[in-house]
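The values are calculated or read from the model by the stated rules, or taken from the named source; none is laboratory data. Predicted model, so just to flag it, every value in this text is computed and none were measured. As a convention, Cβ positions derive from the backbone with ideal geometry for all residues, glycine included, and neighbour counts pool all protein chains shown.
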Amino acid sequence: MLIVVGGPTASGKSELCCLLAKRVGGEILSADSMCVYRHMDIGTAKPLECMKEVKHHLVDVVEPGEPFDAKLFEELSIRAIEEIRGRGKVPIVCGGTYLYLQALLYGIEETPPPDWNLRRRLYSIAEKRGKEYLYNKLRAVDPLYAGKISLKDVRRVVRALEVFINSGKPFSSFHRWERPRFNFLGFYLSWSWEKLSENIEERSKRMLRLGLMEELKKLMDMGFEDFITSSQSIGYKEFIPCLKGEKREEGCLEETIKKTKEYAKRQIRWFRRQGWIELPMEELGLEGALERVLLHLRTA
């Protein structure tokens, strides 16, 4: 039985999975699209303390900016699950990147390789004509995939258009959505929007206290600015104007919180559609959620 624990950002997934792994003799497979990158610890909220006690997989596997997508995640995560089981441990998938979870559980066919020249042209179009213009182009050729992502998610819109242009096939046709490849038990952590918003705000402020600006400066000095300014790097790119003296820290923090909440809403919508077992965190608390998961595992 594969255990999968998901939920929106700042919902407590890492904390719950750490406790669960200790109780069941598990190892954690991260399904977080940002935790795969090295040197990015604070802004990605890597569970550094838990990583000292519980073995984690697919954390710190590539340099910022190196190609990494859902297909590669699928391949590496399947291999990791086999290795974990081979050691007699329990694999626990933990994360909120729903396209990665979709790829792992249902599979994704090989897509055309990245076309960086085309990708740059598409990003340029988005800058000149707006995100909605590009999203409407995608909706015209691939309404199924367009319906699964936000028009603000430029990175995924660009990739889907790139695949369509180069293959002549909708990006959604590369995905399989029906039957899961694993016998799995899925849980998702839920909060009232008011409380989750508080969690996001507090976590964003805590990242600053922990040294996010120093981590960002180090990444910039290492030559990773192009990656940091990409649409997926929420929590980093918003602070670049502050680092350059162009904007006050308070304004950058507000923008980070705003973008993080927008992403959390997309995550919530996806998890609610999956039919997984809900763990209402305000009602259960961390220990109660752990006991609820263990109860389901005993009766599965």
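Overview of values
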quantity: Some residue of the stretch 105-126 being surrounded by 20 or more Cβ atoms within 10 Å (Cβ to Cβ) and closer than 30 Å to residue 290 by Cα; calculated: yes
quantity: Conditions (1) modelled with pLDDT of 90 or more; (2) not in a loop (DSSP other than H, G, I, E, B): number failed by residue 71; calculated: (1)
quantity: Test: residue in the stretch 277-293 that is of a type in the set (Val, Ile, Thr), at negative phi and surrounded by 17 or more Cβ atoms within 10 Å (Cβ to Cβ); calculated: yes
quantity: Candidates 138, 99, 151, filtered to the one that is out of contact with any strand residue (DSSP E or B) (no Cβ under 7 Å at 6 or more places or on another chain), part of a helix (DSSP H, G or I) and not assigned by TED's automatic domain parsing to the domain that holds residue 12; calculated: 138
quantity: The one condition in (1) out of contact with any Lys or Arg (no Cβ under 6 Å at 6 or more places or on another chain); (2) under 30 Å from residue 145 (Cβ atoms) that residue 249 fails to fulfil; calculated: (2)
quantity: Qualifying position, being in a strand (DSSP E or B), buried (at least 23 other Cβ atoms within 10 Å of the Cβ) and assigned by TED's automatic domain parsing to the domain that holds residue 100, among 16, 29, 20; calculated: 29
quantity: Checking residue 98 against (1) aromatic (Phe, Trp, Tyr); (2) at pLDDT below 90; (3) within 18 Å of residue 35 (Cβ to Cβ), the condition it does not meet; calculated: (2)
quantity: Filter result for the condition that a residue is under 22 Å from residue 94 (Cα atoms) and in contact (Cβ under 8 Å) with a residue 12 or more places away in the chain, over 185, 253, 243; calculated: 185
quantity: Count of the stretch 104-123 residues which are assigned to a helix (DSSP H, G or I) and touching a residue at least 60 places away in the same chain (Cβ under 8 Å); calculated: 3
